[in-house]
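Before any comments, here is the structure.
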Amino acid sequence: MSSARIPRITLYTLEEYFAIERVGMSRYEYWDGEIICMSGGSFAHSTISGNIFGLLREHLRGKRCRPFTADQPIKVPALPPYRYADASVVCGDIQGEKVSGFDTLVNPTILVEVLSPDSVDRDLNVKGRAYQEIPSLREYVVIAQESPTITLFARTDDGNWQTYIISGLENSFELASIEGRFALADVFEGVEFSPVESAIC
């Protein structure tokens, strides 16, 4: 009787990770020696990411807040060296820090993640809690792919976090930090809801 072979996990040093980041065409995150691909994925993921960035950019045009795409590294002290969100917003002066030559954003106001099968646990739990420790962060938006559903984590005036789940294309959600209301129909425009596959770099 043969036994199933357990796949070997290759572990990398931070120096090896930074070397891959510098020469690679994809984005990666470093998780305790593992390198996780953040690029590629489903048409739904790309469509939703593009939609939410476009909505943020249009709403913020001419204001003192600036949106960033998924290519912008975010300094997350609880999860060094940095993370990639699918979209981010900073209001006021941009504060940055060099991490091994990369410009990382230190003071995000809003962070957005579009869920994929491989990222659900990280984005909702480990990554989400680490994001919420960033002093400047006011809202964390998590967007599903397989249904028109958004989970919004909003910091209250007393520093605690409230969770709101908004579902249905007829509904909308508010980002108080930028005084914006966004329709789920616009966030999910062009998306055909179906089971999604893992990202491949």
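The values are calculated or read from the model by the stated rules, or taken from the named source; none is laboratory data. What you see is a predicted model, and the numbers here were worked out from it, not measured in a lab. Glycine also receives a Cβ, built like all others from the backbone with ideal geometry; neighbour counts cover every protein chain displayed. For the accessible areas, the whole protein counts, side chains as well, though only heavy atoms, and no ligand, DNA or RNA atoms are used. Shrake-Rupley method; radii C 1.70, N 1.55, O 1.52, S 1.80 Å.
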Exercise. How many residues, within segment 144-165, are buried (at least 16 other Cβ atoms within 10 Å of the Cβ) and either under 26 Å from Arg61 (Cβ atoms) or free of Cβ contacts under 8 Å to residues at least 60 places away in the same chain (or both)?
Worked result: 9
For this session: Check Val126, Val141, Val114 and return the single one that is hydrophobic (A, V, I, L, M, F, W, C), in contact with a Gly (Cβ under 9 Å, 6 or more places away or on another chain) and in contact (Cβ under 8 Å) with a residue 24 or more places away in the chain.
Result: Val114
Seminar exercise, completed: Taking segment 23-72 and the residues there that are open to solvent by 50 Å² or more (accessible area, probe 1.4 Å) and of a type in the set (Val, Ile, Thr), the one that is nearest to Glu189 (Cα to Cα) would be Thr69
For this session: Only strands (runs of 3 or more DSSP E) wholly contained in segment 92-193 count here; list those with 3 or more residues that are at pLDDT 95 or above and farther than 20 Å from Asp71 by Cα.
Result: 149-155, 161-167, 172-175, 180-183
